[in-house]
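Participant: Take a look at the following structure, please.
The values are calculated or read from the model by the stated rules, or taken from the named source; none is laboratory data. Given the structure is predicted, the values throughout are model-derived calculations rather than measurements. So basically every Cβ, Gly included, is an ideal-geometry build from the backbone, and we count neighbours across all protein chains shown.
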Amino acid sequence: MRQQGLGESLIGAVASLSTAVLLLAGLGWGVVADRTGRPDRIVLFGCAGVAASLAWLTFCSGPQDFALYAIGRGLSMPMIGNLMPMLAISALGTAAQGRGYARYRIFGSFGYICSTLLLPRLLSVGSLFWAAAAALLTACLPLSQIRIHFQPRRRGGSVRQLLRQRGFVGFLLASLLFSLATPAVFTFTAVYARELGADQVFIGLLAATQGVIAVVALPLTGAMVDRFGVRLLLWLGFLAQPLRAVGLAFVDDYHFLLLPQALHFFTWAGFEVAGVLLVNQLAAEDGGGTAQSLFRGSQVLGSLIGASVCGYLAEFHGYGAMYGIAAGLAACGWGLFSLLTWRGSQTRAL
């Protein structure tokens, strides 16, 4: 967009439009998946939709073109991101779900490493979009052979029933508080590294470190979930988020930004595996697709709000204040989840 002459305000508006559509469409696709009992078909069409959006992106030149891309991406992405975990869990069965789901997510981490570190060195920007579209269309081939059916929910409202569960609503709120700090520990850490004098090679190393930690952590966190349960790993993930932000607040040499990255083990890998499995447990018969969409929506909304707050704090009050406040917000999420876990042990509500 910057290469096509769009200013920061228009770029921000396009990004906001995509996020708004994604939030609304994500919940809608979750309800559709529960009502039809065919999330596998929705994921298939989602891959085709994102591929078409990426192909369109190569022809975009003006704000209207990018707005259409944002709408297409916002409509299609939650068809994949919100419902693929549901398909993976359904294919796993009930035994050793932690290890099984972690193996599924490892492939995503390998794809992330290739798309962010390898392909940009080999392809131009336009070719990257075509390569991504081709990869998604290729993914349609195995997806077309998947047949996962659920009992359709013809009556009642899965959203209404899920929001009647205090434990589930509390977990969504804790997840939102957790996600408010996500832009600080992810997006703004690269910006902070540049402020401290890091070059592009080191910034790439920061991203690569996260990818490597994810690949190592996923099988370990999967085994931990099967051994100790989802709640302990989630508790550690909620605790690690404010600790990671606090660790970044005291860094004044960009080389030391690598140290808090170790907590990526819990703040992403542990939270990703245990969070999806807990939501699946809490949803029970109330709509797995809708529940996963609400969980993803709480994370997207938290990151969207957190990006604006963190950007303001970093610009006008400095990165130390930004990381400190982000740590405080994430600590509130950890406190809420701790309370929910304690109460759940008494009432089995969580």
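Participant: So which of Val50, Val43 ends up being at pLDDT 90 or above and over 27 Å from Gly306 (Cα atoms)?
Facilitator: On the way: Val50 fails: over 27 Å from Gly306 (Cα atoms).
Exactly one residue qualifies, and that residue is Val43.
Per-residue answers, yes or no, for (1) surrounded by 20 or more Cβ atoms within 10 Å (Cβ to Cβ); (2) free of Cβ contacts under 8 Å to residues at least 60 places away in the same chain; (3) of a type outside the set (A, V, I, L, M):
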{"residue": "Val215", "(1), (2), (3)": "no, no, no"}
{"residue": "Thr221", "(1), (2), (3)": "yes, no, yes"}
{"residue": "Gly229", "(1), (2), (3)": "no, yes, yes"}
{"residue": "Phe238", "(1), (2), (3)": "yes, no, yes"}
{"residue": "Asp252", "(1), (2), (3)": "no, yes, yes"}
{"residue": "Phe256", "(1), (2), (3)": "no, yes, yes"}
{"residue": "Leu259", "(1), (2), (3)": "no, yes, no"}
{"residue": "Phe271", "(1), (2), (3)": "yes, no, yes"}
{"residue": "Gly275", "(1), (2), (3)": "yes, no, yes"}
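Participant: Right, here's the next one. Assigned to a helix (DSSP H, G or I), among the hydrophobic types (A, V, I, L, M, F, W, C) and under 18 Å from Leu294 (Cα atoms): is that true of Leu117 in this structure? Don't jump to the end; show me each part of the working.
Facilitator: On the way: assigned to a helix (DSSP H, G or I): yes; among the hydrophobic types (A, V, I, L, M, F, W, C): yes; under 18 Å from Leu294 (Cα atoms): no.
Judged against the criteria, Leu117 is not a match.
Participant: Turning to a different aspect of this structure: Can you report the number of residues in the stretch 39-92 which are over 21 Å from the mean Cα position of the chain (by Cα) and assigned to a loop (DSSP other than H, G, I, E, B)?
Facilitator: 5
Participant: Determine whether Ala214 is among the aliphatic types (A, V, I, L, M) and within 25 Å of Gly333 (Cα to Cα).
Facilitator: Values: among the aliphatic types (A, V, I, L, M): yes; within 25 Å of Gly333 (Cα to Cα): yes.
The answer is yes for Ala214.
Participant: Looking at (1) loosely packed, with under 15 Cβ neighbours inside 10 Å; (2) under 24 Å from the mean Cα position of the chain (by Cα); (3) modelled with pLDDT under 80, can you tell me which one Tyr112 breaks?
Facilitator: Evaluating Tyr112 over (1) loosely packed, with under 15 Cβ neighbours inside 10 Å; (2) under 24 Å from the mean Cα position of the chain (by Cα); (3) modelled with pLDDT under 80 leaves (1) as the failure.
Participant: So which of Leu141, Leu122 is surrounded by fewer than 17 Cβ atoms within 10 Å (Cβ to Cβ) and farther than 30 Å from Leu92 by Cβ?
Facilitator: Leu122
Participant: Right, here's the next one. If you go through the stretch 292-329 one residue at a time, how many are over 15 Å from the mean Cα position of the chain (by Cα) and either touching a residue at least 60 places away in the same chain (Cβ under 8 Å) or part of a helix (DSSP H, G or I) (or both)?
Facilitator: So in the stretch 292-329, the residues over 15 Å from the mean Cα position of the chain (by Cα) come out as 308-329.
If we keep only those that are either touching a residue at least 60 places away in the same chain (Cβ under 8 Å) or part of a helix (DSSP H, G or I) (or both) too, we end up with 308-317, 319-329.
Selection size over the stretch 292-329: 21.
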